[in-house]
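Student: Take a look at the following structure, please.
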Amino acid sequence: MPPIIRIENLTKKFGNFTAVDHLNLEVEEGEILGLLGPNGAGKTTTILMLATVIRPTEGTAYVGGYDVRKNPDKVRELLGVAFQEPKLLWVSTPWDVVNWHAKVCGLSTQERKQRVREVLEALDMWDYRHRSVHALSGGMRKRVEIAKVLIQRPKIAIVDEPTAQIDVVGKHKIWRMLRELCDSGTTIILATNELYEADVLSDRVGIMHRGRLLVCDTPQKLKDSIVGGDVVEIQFEVEPSPKIIESLDQFKEVVKVIRTKASTLRLYLNKVEEVVPKIMSTLMMEGAVVSSIRMSEPSLDDVFAHYTGLTLEEAQKGGR
Ligand SMILES: Nc1ncnc2c1ncn2[C@@H]1O[C@H](COP(=O)(O)OP(=O)(O)O)[C@@H](O)[C@H]1O
Ligand SMILES: [Mg+2]
(Lines give C-alpha, C1' and ligand atoms only; values in the text may rest on other atoms or scores of the structure.)
(Ligands and ions follow the chains in the order given, each with its own letter.)
Protein backbone atom coordinates (compact mmCIF):
# COMPACT_ATOMS: atom_id res chain seq x y z
CA MET A 1 0.00 0.00 0.00
CA PRO A 2 1.44 3.42 -0.87
CA PRO A 3 1.96 5.77 2.08
CA ILE A 4 -1.03 8.00 2.78
CA ILE A 5 1.27 10.98 3.28
CA ARG A 6 4.56 11.50 1.51
CA ILE A 7 6.66 14.45 2.58
CA GLU A 8 9.39 15.40 0.12
CA ASN A 9 12.11 17.90 0.95
CA LEU A 10 9.54 19.97 2.76
CA THR A 11 11.12 23.27 3.77
CA LYS A 12 9.87 26.48 5.34
CA LYS A 13 11.90 29.60 5.76
CA PHE A 14 10.83 32.69 7.65
CA GLY A 15 13.22 35.29 6.24
CA ASN A 16 16.69 33.84 6.66
CA PHE A 17 15.58 31.44 9.32
CA THR A 18 14.84 27.83 8.32
CA ALA A 19 12.07 26.46 10.52
CA VAL A 20 11.67 23.20 8.59
CA ASP A 21 14.68 21.93 6.72
CA HIS A 22 14.26 19.48 3.84
CA LEU A 23 12.02 17.07 5.66
CA ASN A 24 11.45 13.64 4.14
CA LEU A 25 8.94 11.32 5.74
CA GLU A 26 6.23 8.85 4.85
CA VAL A 27 3.14 8.14 6.90
CA GLU A 28 1.50 4.74 6.47
CA GLU A 29 -2.25 4.42 6.34
CA GLY A 30 -3.74 3.47 9.71
CA GLU A 31 -0.78 4.35 11.90
CA ILE A 32 -0.22 6.93 14.59
CA LEU A 33 2.93 8.78 13.64
CA GLY A 34 4.40 10.81 16.46
CA LEU A 35 6.53 13.86 15.75
CA LEU A 36 8.61 14.35 18.86
CA GLY A 37 10.84 17.33 19.43
CA PRO A 38 11.50 20.25 21.76
CA ASN A 39 9.76 23.59 21.38
CA GLY A 40 10.90 25.24 18.20
CA ALA A 41 11.83 21.97 16.47
CA GLY A 42 9.50 22.77 13.57
CA LYS A 43 6.61 20.42 14.32
CA THR A 44 3.82 22.99 14.11
CA THR A 45 5.27 24.57 10.98
CA THR A 46 5.35 21.12 9.36
CA ILE A 47 1.75 20.49 10.37
CA LEU A 48 0.59 23.87 9.10
CA MET A 49 2.13 23.06 5.71
CA LEU A 50 0.42 19.66 5.62
CA ALA A 51 -2.86 21.32 6.59
CA THR A 52 -2.34 23.83 3.73
CA VAL A 53 -2.46 26.75 6.17
CA ILE A 54 1.00 27.95 5.13
CA ARG A 55 2.86 27.34 1.89
CA PRO A 56 6.18 25.51 1.76
CA THR A 57 9.22 27.53 0.67
CA GLU A 58 10.61 24.44 -1.02
CA GLY A 59 9.60 20.81 -1.47
CA THR A 60 6.09 19.55 -0.96
CA ALA A 61 3.90 16.87 0.56
CA TYR A 62 1.34 14.52 -0.95
CA VAL A 63 -1.67 13.86 1.23
CA GLY A 64 -3.84 11.01 -0.01
CA GLY A 65 -2.02 11.45 -3.31
CA TYR A 66 -2.81 15.18 -3.56
CA ASP A 67 -0.06 17.76 -3.65
CA VAL A 68 -0.52 20.33 -0.87
CA ARG A 69 0.68 23.02 -3.26
CA LYS A 70 -1.53 22.13 -6.20
CA ASN A 71 -4.66 20.66 -4.64
CA PRO A 72 -5.11 22.24 -1.22
CA ASP A 73 -8.91 21.85 -1.38
CA LYS A 74 -8.64 18.10 -1.96
CA VAL A 75 -6.12 17.81 0.86
CA ARG A 76 -8.40 19.66 3.27
CA GLU A 77 -11.26 17.28 2.53
CA LEU A 78 -9.19 14.43 3.94
CA LEU A 79 -8.03 16.21 7.06
CA GLY A 80 -9.21 16.99 10.55
CA VAL A 81 -6.83 19.21 12.47
CA ALA A 82 -6.61 20.02 16.17
CA PHE A 83 -4.39 23.09 16.21
CA GLN A 84 -1.84 23.83 18.90
CA GLU A 85 -3.33 27.27 19.42
CA PRO A 86 -7.07 26.83 18.99
CA LYS A 87 -8.65 29.73 17.18
CA LEU A 88 -11.78 31.12 18.71
CA LEU A 89 -14.56 31.17 16.21
CA TRP A 90 -17.36 33.68 16.05
CA VAL A 91 -19.59 31.14 17.73
CA SER A 92 -19.37 31.39 21.44
CA THR A 93 -19.74 28.14 23.40
CA PRO A 94 -18.15 24.67 23.20
CA TRP A 95 -21.49 23.21 22.19
CA ASP A 96 -21.89 25.75 19.38
CA VAL A 97 -18.37 25.17 18.08
CA VAL A 98 -18.63 21.40 18.12
CA ASN A 99 -22.20 21.25 16.83
CA TRP A 100 -21.37 23.64 14.01
CA HIS A 101 -18.36 21.55 13.12
CA ALA A 102 -20.51 18.40 13.08
CA LYS A 103 -22.92 20.17 10.72
CA VAL A 104 -20.11 21.18 8.37
CA CYS A 105 -18.92 17.57 8.39
CA GLY A 106 -22.34 16.54 7.11
CA LEU A 107 -23.72 14.63 10.09
CA SER A 108 -27.50 14.25 10.12
CA THR A 109 -29.45 16.03 12.86
CA GLN A 110 -30.03 12.83 14.76
CA GLU A 111 -26.44 11.65 14.48
CA ARG A 112 -25.15 15.07 15.35
CA LYS A 113 -27.16 15.32 18.54
CA GLN A 114 -25.94 11.96 19.71
CA ARG A 115 -22.29 12.31 18.73
CA VAL A 116 -21.88 15.84 20.06
CA ARG A 117 -23.20 14.73 23.42
CA GLU A 118 -21.10 11.56 23.42
CA VAL A 119 -17.88 13.37 22.65
CA LEU A 120 -18.48 16.31 25.00
CA GLU A 121 -19.30 13.89 27.79
CA ALA A 122 -16.29 11.70 27.08
CA LEU A 123 -14.08 14.78 27.30
CA ASP A 124 -15.72 15.92 30.57
CA MET A 125 -17.02 19.02 28.87
CA TRP A 126 -20.74 18.48 28.99
CA ASP A 127 -21.18 20.69 32.05
CA TYR A 128 -19.21 23.45 30.34
CA ARG A 129 -20.99 23.27 27.03
CA HIS A 130 -22.80 26.59 27.38
CA ARG A 131 -19.91 28.56 28.84
CA SER A 132 -18.36 31.26 26.71
CA VAL A 133 -15.30 29.90 24.90
CA HIS A 134 -13.42 33.04 25.92
CA ALA A 135 -13.88 32.17 29.58
CA LEU A 136 -12.53 28.64 29.24
CA SER A 137 -9.09 27.60 30.46
CA GLY A 138 -6.41 26.66 27.95
CA GLY A 139 -7.00 22.98 28.68
CA MET A 140 -10.73 23.31 28.04
CA ARG A 141 -10.16 25.07 24.73
CA LYS A 142 -7.82 22.27 23.80
CA ARG A 143 -10.62 19.79 24.49
CA VAL A 144 -12.95 21.70 22.18
CA GLU A 145 -10.32 21.39 19.49
CA ILE A 146 -9.94 17.63 20.07
CA ALA A 147 -13.72 17.19 20.17
CA LYS A 148 -13.97 18.56 16.62
CA VAL A 149 -11.60 15.91 15.32
CA LEU A 150 -13.29 13.11 17.27
CA ILE A 151 -16.69 14.13 15.87
CA GLN A 152 -15.38 14.39 12.35
CA ARG A 153 -13.56 11.04 12.24
CA PRO A 154 -11.50 12.25 9.30
CA LYS A 155 -9.44 10.05 7.01
CA ILE A 156 -6.35 11.72 8.46
CA ALA A 157 -6.25 13.51 11.80
CA ILE A 158 -3.48 15.90 12.73
CA VAL A 159 -3.25 16.75 16.41
CA ASP A 160 -0.73 19.30 17.63
CA GLU A 161 0.13 18.86 21.32
CA PRO A 162 -3.34 17.48 22.06
CA THR A 163 -2.90 17.19 25.82
CA ALA A 164 -0.88 20.30 26.63
CA GLN A 165 -2.35 21.98 29.73
CA ILE A 166 -4.59 18.98 30.40
CA ASP A 167 -4.50 17.08 33.69
CA VAL A 168 -3.24 13.50 33.93
CA VAL A 169 -6.68 11.87 34.00
CA GLY A 170 -7.76 13.94 31.00
CA LYS A 171 -4.56 13.01 29.16
CA HIS A 172 -5.24 9.31 29.57
CA LYS A 173 -8.79 9.73 28.31
CA ILE A 174 -7.66 11.64 25.26
CA TRP A 175 -4.94 9.09 24.50
CA ARG A 176 -7.51 6.33 24.66
CA MET A 177 -9.88 8.22 22.39
CA LEU A 178 -7.14 8.92 19.86
CA ARG A 179 -6.20 5.24 19.91
CA GLU A 180 -9.86 4.33 19.28
CA LEU A 181 -10.06 6.87 16.47
CA CYS A 182 -7.05 5.19 14.91
CA ASP A 183 -8.57 1.73 15.39
CA SER A 184 -11.67 2.92 13.56
CA GLY A 185 -9.56 3.71 10.51
CA THR A 186 -8.14 7.21 10.92
CA THR A 187 -4.45 7.80 10.29
CA ILE A 188 -3.06 10.16 12.93
CA ILE A 189 -0.14 12.54 13.05
CA LEU A 190 0.64 13.58 16.59
CA ALA A 191 3.02 16.42 17.34
CA THR A 192 4.31 16.46 20.88
CA ASN A 193 7.19 17.47 23.09
CA GLU A 194 6.21 14.91 25.69
CA LEU A 195 8.29 11.75 25.69
CA TYR A 196 5.69 9.63 27.38
CA GLU A 197 2.89 10.74 25.08
CA ALA A 198 4.97 9.95 22.00
CA ASP A 199 6.02 6.61 23.45
CA VAL A 200 2.61 5.27 24.53
CA LEU A 201 0.58 6.52 21.60
CA SER A 202 2.74 6.27 18.51
CA ASP A 203 3.26 3.31 16.24
CA ARG A 204 6.30 5.15 14.92
CA VAL A 205 8.08 8.22 16.20
CA GLY A 206 9.94 10.75 14.10
CA ILE A 207 12.34 12.78 16.18
CA MET A 208 12.71 16.40 15.08
CA HIS A 209 15.33 18.91 16.10
CA ARG A 210 16.11 22.28 14.55
CA GLY A 211 13.83 21.76 11.60
CA ARG A 212 15.26 18.37 10.73
CA LEU A 213 14.07 14.84 11.08
CA LEU A 214 16.80 12.93 12.90
CA VAL A 215 15.31 9.47 12.76
CA CYS A 216 11.95 7.72 12.46
CA ASP A 217 11.02 4.23 13.66
CA THR A 218 8.95 2.33 16.21
CA PRO A 219 9.67 3.42 19.80
CA GLN A 220 11.11 -0.03 20.54
CA LYS A 221 13.46 -0.05 17.55
CA LEU A 222 14.61 3.48 18.34
CA LYS A 223 15.52 2.38 21.85
CA ASP A 224 17.14 -0.86 20.67
CA SER A 225 19.20 0.97 18.07
CA ILE A 226 21.26 2.87 20.61
CA VAL A 227 24.74 1.47 20.90
CA GLY A 228 25.41 1.17 24.57
CA GLY A 229 21.70 0.70 25.04
CA ASP A 230 21.89 0.15 28.79
CA VAL A 231 21.59 3.20 30.92
CA VAL A 232 22.97 3.72 34.39
CA GLU A 233 22.29 6.87 36.32
CA ILE A 234 24.56 7.61 39.25
CA GLN A 235 23.76 10.30 41.76
CA PHE A 236 26.67 11.53 43.84
CA GLU A 237 26.68 13.22 47.22
CA VAL A 238 28.76 16.01 45.76
CA GLU A 239 29.42 17.07 42.21
CA PRO A 240 31.77 14.47 40.64
CA SER A 241 35.19 15.73 39.58
CA PRO A 242 36.40 15.61 35.96
CA LYS A 243 38.81 12.88 37.09
CA ILE A 244 35.93 10.67 38.14
CA ILE A 245 34.12 11.23 34.86
CA GLU A 246 37.33 10.35 33.03
CA SER A 247 37.78 7.17 35.02
CA LEU A 248 34.25 6.08 34.07
CA ASP A 249 34.83 6.93 30.44
CA GLN A 250 37.81 4.57 30.38
CA PHE A 251 35.75 1.41 30.62
CA LYS A 252 35.55 -0.05 27.15
CA GLU A 253 31.88 -0.92 27.65
CA VAL A 254 30.99 2.66 28.50
CA VAL A 255 29.95 4.42 25.32
CA LYS A 256 29.10 7.83 26.69
CA VAL A 257 28.94 9.73 29.95
CA ILE A 258 26.72 12.78 30.21
CA ARG A 259 25.96 15.00 33.14
CA THR A 260 22.19 15.30 33.54
CA LYS A 261 22.26 17.39 36.71
CA ALA A 262 25.11 18.93 38.71
CA SER A 263 25.66 15.79 40.75
CA THR A 264 24.15 13.17 38.45
CA LEU A 265 25.85 11.30 35.64
CA ARG A 266 24.13 9.18 33.04
CA LEU A 267 26.20 6.42 31.46
CA TYR A 268 25.33 4.65 28.23
CA LEU A 269 26.98 1.29 28.15
CA ASN A 270 26.92 -2.36 27.21
CA LYS A 271 26.87 -5.34 29.55
CA VAL A 272 25.49 -3.39 32.46
CA GLU A 273 25.47 -6.37 34.83
CA GLU A 274 29.21 -6.94 34.45
CA VAL A 275 30.31 -3.35 34.37
CA VAL A 276 28.42 -1.88 37.29
CA PRO A 277 30.39 -3.78 39.98
CA LYS A 278 33.63 -2.61 38.38
CA ILE A 279 32.35 0.93 38.22
CA MET A 280 31.44 0.81 41.89
CA SER A 281 34.88 -0.30 42.97
CA THR A 282 36.52 2.36 40.81
CA LEU A 283 34.31 5.02 42.37
CA MET A 284 35.18 3.77 45.85
CA MET A 285 38.88 3.92 45.03
CA GLU A 286 38.43 7.49 43.82
CA GLY A 287 36.66 8.32 47.06
CA ALA A 288 33.40 9.33 45.38
CA VAL A 289 30.30 8.94 47.53
CA VAL A 290 27.35 7.59 45.62
CA SER A 291 23.90 8.35 47.00
CA SER A 292 21.91 6.34 44.50
CA ILE A 293 22.30 4.27 41.37
CA ARG A 294 19.62 3.37 38.90
CA MET A 295 19.71 1.07 35.92
CA SER A 296 17.17 1.15 33.12
CA GLU A 297 16.55 0.46 29.49
CA PRO A 298 16.76 3.53 27.31
CA SER A 299 13.84 5.93 26.94
CA LEU A 300 13.03 8.13 23.95
CA ASP A 301 14.92 10.84 25.84
CA ASP A 302 18.03 8.72 25.54
CA VAL A 303 17.34 8.33 21.85
CA PHE A 304 17.00 12.09 21.56
CA ALA A 305 20.20 12.61 23.56
CA HIS A 306 21.97 10.05 21.42
CA TYR A 307 21.28 12.07 18.28
CA THR A 308 21.60 15.60 19.66
CA GLY A 309 23.90 15.36 22.68
CA LEU A 310 21.15 17.05 24.69
CA THR A 311 18.31 15.78 26.82
CA LEU A 312 14.90 16.92 25.63
CA GLU A 313 14.68 19.19 28.66
CA GLU A 314 17.97 20.89 27.81
CA ALA A 315 16.90 21.32 24.20
CA GLN A 316 13.59 22.72 25.43
CA LYS A 317 15.38 25.34 27.50
CA GLY A 318 17.57 26.27 24.58
CA GLY A 319 14.40 26.99 22.64
CA ARG A 320 15.73 25.16 19.66
N1 LIG B 1 5.38 32.86 11.42
C2 LIG B 1 6.61 32.74 11.87
N3 LIG B 1 7.53 33.70 11.67
C4 LIG B 1 8.80 33.57 12.11
N5 LIG B 1 9.28 32.48 12.75
C6 LIG B 1 8.41 31.49 12.98
C7 LIG B 1 7.04 31.56 12.55
N8 LIG B 1 6.43 30.39 12.91
C9 LIG B 1 7.38 29.66 13.54
N10 LIG B 1 8.56 30.30 13.58
C11 LIG B 1 9.80 29.78 14.17
O12 LIG B 1 10.08 28.52 13.60
C13 LIG B 1 10.61 27.64 14.57
C14 LIG B 1 9.78 26.38 14.61
O15 LIG B 1 8.54 26.67 15.22
P16 LIG B 1 7.40 25.60 15.39
O17 LIG B 1 7.14 24.97 14.08
O18 LIG B 1 6.27 26.28 16.06
O19 LIG B 1 8.09 24.55 16.36
P20 LIG B 1 7.43 23.46 17.32
O21 LIG B 1 6.00 23.30 16.94
O22 LIG B 1 8.24 22.23 17.10
O23 LIG B 1 7.59 23.99 18.71
C24 LIG B 1 10.62 28.40 15.88
O25 LIG B 1 11.93 28.89 16.10
C26 LIG B 1 9.66 29.52 15.65
O27 LIG B 1 9.98 30.66 16.43
MG1 LIG C 1 4.32 23.47 18.08
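The values are calculated or read from the model by the stated rules, or taken from the named source; none is laboratory data. Keep in mind the model is a prediction, meaning the values are calculated, not measured. So basically every Cβ, Gly included, is an ideal-geometry build from the backbone, and we count neighbours across all protein chains shown.
Student: (1) within 16 Å of ligand 2 (Cβ to nearest atom); (2) surrounded by 17 or more Cβ atoms within 10 Å (Cβ to Cβ): which one isn't true of Asn39, the others all being true?
Tutor: (2)
Student: Out of all the residues in region 154-184, which are in a loop (DSSP other than H, G, I, E, B) and either modelled with pLDDT of 95 or more or polar (S, T, N, Q) (or both)?
Tutor: Here is the first cut: in region 154-184, the ones in a loop (DSSP other than H, G, I, E, B) are 154-155, 161-167, 184.
Residues satisfying the conditions are Pro154, Lys155, Glu161, Pro162, Thr163, Gln165, Ser184.
Student: Kindly check whether there is at least one residue in region 1-9 that is at pLDDT below 95 and either over 17 Å from the mean Cα position of the chain (by Cα) or away from ligand 2 (no atom under 16 Å from the Cβ) (or both).
Tutor: Yes, region 1-9 contains a residue that is at pLDDT below 95 and either over 17 Å from the mean Cα position of the chain (by Cα) or away from ligand 2 (no atom under 16 Å from the Cβ) (or both).
Student: While we're here: Six or more apart or on different chains, Cβ under 9 Å: which pairs go from a residue in region 258-280 that's over 18 Å from Glu313 (Cα atoms) to one that's of a type in the set (Asp, Glu) and surrounded by fewer than 18 Cβ atoms within 10 Å (Cβ to Cβ)? Could you list them?
Tutor: Leu269/Glu253; Asn270/Glu253; Lys271/Glu253; Val272/Glu253; Glu274/Glu253; Val275/Glu253; Lys278/Glu253
Student: Just one of (1) closer than 25 Å to Ala315 by Cα; (2) assigned to a loop (DSSP other than H, G, I, E, B) trips up Ala19, so point out which.
Tutor: The one condition Ala19 does not meet is (2).
Student: Just the residues that are within 13 Å of Phe304 (Cα to Cα) and part of a loop (DSSP other than H, G, I, E, B), please, taken from region 185-209.
Tutor: Of everything in region 185-209, those that are within 13 Å of Phe304 (Cα to Cα) and part of a loop (DSSP other than H, G, I, E, B) turn out to be Asn193, Glu194.
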